[in-house]
Amino acid sequence: MSDDDYCTIGDATKPPVADGPPYAECVLCREPTEYPESYKGITLCPVCEWREAERTACSG
């Protein structure tokens, strides 16, 4: 089973990954993300993305 099979929102659009600095800041913790600074919208660092996924995951 791949991650795409497991995720129920696999078709959600994600920001483009940056080739290098400058990186956008995470909107929650202000750490650098993997997304370009020019991206407009909500950007989360990998840690906050994971925590958000845990928070919104279905239980039971």
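Observations, loosely collected:
- Among residues of the stretch 32-58 that are closer than 22 Å to Pro21 by Cα, those with a Cβ under 7 angstrom from a residue that is among the aliphatic types (A, V, I, L, M) and modelled with pLDDT under 85, sequence gap 6+ or separate chain, pair up as Glu34/Val17; Glu34/Ala18; Tyr35/Val17; Tyr35/Ala18; Pro36/Ala18.
- Number of positions in the stretch 29-60 that are assigned to a loop (DSSP other than H, G, I, E, B) and not basic (Lys, Arg): 14
The values are calculated or read from the model by the stated rules, or taken from the named source; none is laboratory data. Not measured: the values here are computed from a predicted model. As a convention, Cβ positions derive from the backbone with ideal geometry for all residues, glycine included, and neighbour counts pool all protein chains shown.
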